[in-house]
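Accompanying notes for the structure given below.
The values are calculated or read from the model by the stated rules, or taken from the named source; none is laboratory data. What you see is a predicted model, and the numbers here were worked out from it, not measured in a lab. Every residue, glycine as well, gets a Cβ built from its backbone with ideal geometry; the counts of neighbours run over all protein chains shown.
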Amino acid sequence: MLNDINVQYLKGVGPKRVEKLNKLGIFTIDDLLEYYPRKYEDRRKTRKISDVTDGEKVLLKVKIVNYPSIFKPKRKLSILKVDAKDETGFVLITWFNKDYLKDKIKINEYYNIFGKIKISYGKIEIINPDIELANDMTIAGKIMPIYPLTYNLTNNELIKIINNAIKFHKHDIINVIPESIINKYSLLNKREAVEFIHFPLDRITYLKAKKTLAFEKLLILQLGLLTIKSRLSNNMDGISFSDKGLSEEFIKNLPFTLTNAQIKVIKEIKKDMTNSKPMNRLIQGDVGSGKTIVAVVAMLNAVSSGYQTAMMAPTEILAMQHYKTITSYTNELGLKVEFLSGSTKQNKRKEILENLKSGLINILIGTHAIIEKDVIFKNIGVVVTDEQHRFGVRQRALLSSKGLNPDILVMTATPIPRTLALMFYGDLDISIIDELPPGRQVIKTYSVGESKKEDVFKFVKDRICEGRQAYIVAPLIEESDKMELDSAVEIYEKLSKSYFNEYNIDLLHGKMKNNEKEEVMKKFYNGITDILVSTTVIEVGVNVPNAVVMLILNSERFGLAQLHQLRGRVGRGRHQSYCILVNESKSKKSKERMNILTQTNNGFIISEKDLELRGPGEFFGTKQHGIPEYDISGIVSDVKVIQEVQMLSKQLLKCNPKLEGKEFEVLKTKIKNLFKNEEIAFN
């Protein structure tokens, strides 16, 4: 199996390259072959110098007309220049920090060069091109894959390594999808698909390869989730709850009226809970749609039937927020509600664990601390998890294993189009709260260009002078050579020393330790910090009513659904809130995308538009489905393929629920490996 062969044994990979590959997450031949290009450059056609335009990347065949010259304007910068020509004109070739080329480039010799054109005052220049002798045809005459790179590994190095992997291991690549399905859906065999995704002959072979690999990945995911659902619904006896009126009393005493959407979802939950099969339901609802109230109704249903319940949230602050909300609702009902997290003091923790085991605690709210081994319930009946994609199938399963097939309720504020939701949450039934309570504050959203940045900073200052707080979101944690984006660390350092040097400004990003993140968020929550510079780690998080500005830099780099999630961090209090998108792209498409956010606050409309504009890959990041080693964001781009796989998966399991037969053996192994901690129905 290719996932057992270490990449270090591949020809052309020495100790230094192994280290670089490992840093990219490439450890085996399988990892290498699944490291797909992020884009392609068409280098099949040679252009004439007289036909080129400013800013485009082109392939030229030129003759060197003089000796290269080098000058060094700075200590760590050298510039190499040489003139070249074809029959239509002259071009100046410029490289930065590539002194070694000086001795390799020969006068009057012909070369293929590929790079970006710069035209200034009628003078044509090509910047940092790839170069080879005209007869070599290594960089020319083909479609060139461009890979995501870092750690000083060049694109050409990676191309050679992947080429060797295909050359020496082509016959070890075996079909995962049965032959009959390959033929029915006009797919390629796996060997061809792998070869053509890296080195496509043309657009048709590329699209076929991409469809084949996406089909395979989606089929493994969908069949796995559907078999888990099948096991949960068919082979398990759950609890049949009979509400003794506690939830009705709770609803009656609420100081507001539930929306029609909330009432509809509560009916679906109550129907599930009276059934003897375990409930496995997802509640999808925009920020502020009232998901927590619906979850409380389910929990009270269980408590009034004599069972305990638990709610798990991904961060301590969010879990504490739920605790405060729920205790404010349940105080008058005489219930015992407790909070458990990693920072709970030892004596208190011991008391909670004893009371939980004896049944004195009705509702336990906390972080992943509540799935630890020593947390034992007397009789847990309902398990609620908030923000499903932060946990995924496995942690949810650990929590549900605390009882005898308890009902499971999952909440998410991430708006996902229904087509994709069925794929992500194939093991769950889906309820949607698509209505906000009346009187909810509308967040004013503006999209501005980079030139308005200083005006925006002044606007933030004005809000802070009024006693409010602000978020500033950057897309990257550290500076990247590949993308000229401001990073959170850089922005924090710059702003804390300039525009906002008189204010309390703090930094939050994903590379910080959990306790550091919690500490930073606590300070912001308590009003000690005026401005929080952050990456998207705050996308799902704490409710800070005093934060009224969400400023997002390089907003063109985010998906619309993600921008909407970030916007939902403000507008939580009585003060008018604002979301300002700094769009640093000049493209028409980018402006169109930002305009969607300025025109609507409806997360479901936004997610559908996002799907339309960017394709489904945006939604398929690893965090979404909680299966960390299964990222399909780079390969899934067609909703039609998702729909085909959904239909096929249901048909397969209906006709052959255990996927019996030789042709399904490899597919079954892949499913078992992906869901290795799950009891798959066809085991």
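Here are the numbers:
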read-out: Matching option when the condition is under 20 Å from D42 (Cβ atoms) and more than 32 Å from the chain's Cα centre (by Cα), among E109, E132, E125; value: E132
read-out: Qualifying residue in the stretch 320-336 (condition: aliphatic (A, V, I, L, M), within 34 Å of the chain's Cα centre (by Cα) and crowded, with 19+ Cβ neighbours inside 10 Å); value: yes
read-out: Residue selected from the stretch 52-78 under the condition in contact with a Ser or Thr (Cβ under 9 Å, 6 or more places away or on another chain) and either polar (S, T, N, Q) or outside any loop (DSSP other than H, G, I, E, B) (or both), by the criterion farthest from I131 (Cα to Cα); value: K72
read-out: Residues located in the stretch 2-38, provided they are outside any loop (DSSP other than H, G, I, E, B) and of a type in the set (K, R); value: K16, R17, K20, K23
read-out: Selection status of K81, of a type outside the set (G, A, S), in contact with a Ser or Thr (Cβ under 7 Å, 6 or more places away or on another chain) and surrounded by fewer than 17 Cβ atoms within 10 Å (Cβ to Cβ); value: yes
read-out: Residues (modelled with pLDDT under 90 and either of a type in the set (F, W, Y) or within 12 Å of L532 (Cα to Cα) (or both)) located in the stretch 451-492; value: A474, A488, V489, I491, Y492
read-out: Filter pass, F377 being outside the structural domain of N514 (by TED's automatic domain parsing) and in a strand (DSSP E or B); value: no
read-out: Residues that are closer than 20 Å to T330 by Cβ and out of contact with any helix residue (DSSP H, G or I) (no Cβ under 8 Å at 6 or more places or on another chain), drawn from the stretch 238-262; value: E248, K252, P255, F256, T257
read-out: Flag if I162 is touching a helix residue (DSSP H, G or I) at 6+ places or on another chain (Cβ under 6 Å), buried (at least 18 other Cβ atoms within 10 Å of the Cβ), within 28 Å of Y36 (Cα to Cα) and at pLDDT 90 or above; value: yes
read-out: Test: residue in the stretch 297-307 that is polar (S, T, N, Q) and at pLDDT below 90; value: no
read-out: Helices (runs of 4 or more DSSP H) wholly inside the stretch 108-211 containing at least 3 residues that are free of Cβ contacts under 8 Å to residues at least 60 places away in the same chain, in the same structural domain as D86 (by TED's automatic domain parsing) and touching a strand residue (DSSP E or B) at 6+ places or on another chain (Cβ under 9 Å); value: none
read-out: Verdict on K672 being modelled with pLDDT under 90 and buried (at least 18 other Cβ atoms within 10 Å of the Cβ); value: no
read-out: Check on L92, surrounded by fewer than 19 Cβ atoms within 10 Å (Cβ to Cβ), in the same structural domain as I127 (by TED's automatic domain parsing), not in a loop (DSSP other than H, G, I, E, B) and not charged (D, E, K, R); value: yes
read-out: Residue in the stretch 35-42 that is within 39 Å of the chain's Cα centre (by Cα), over 30 Å from E216 (Cβ atoms) and of a type outside the set (K, R) present; value: no
read-out: 2 or more residues assigned by TED's automatic domain parsing to the domain that holds D407 and at positive phi: qualifying helices (runs of 4 or more DSSP H) within the stretch 243-362; value: none
read-out: Selected residue [surrounded by fewer than 22 Cβ atoms within 10 Å (Cβ to Cβ), of a type in the set (D, E, K, R), out of contact with any Pro (no Cβ under 6 Å at 6 or more places or on another chain) and farther than 19 Å from I162 by Cβ] from K190, K211, K184; value: K184
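Quick grid of which residues meet (1) assigned by TED's automatic domain parsing to the domain that holds I131; (2) within 22 Å of G141 (Cα to Cα); (3) at pLDDT 90 or above:
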{"position": "V52", "(1), (2), (3)": "yes, yes, yes"}
{"position": "K57", "(1), (2), (3)": "yes, yes, yes"}
{"position": "V62", "(1), (2), (3)": "yes, yes, yes"}
{"position": "Y67", "(1), (2), (3)": "yes, no, yes"}
{"position": "P73", "(1), (2), (3)": "yes, no, no"}
{"position": "L77", "(1), (2), (3)": "yes, no, yes"}
{"position": "D83", "(1), (2), (3)": "yes, no, yes"}
{"position": "D86", "(1), (2), (3)": "yes, yes, yes"}
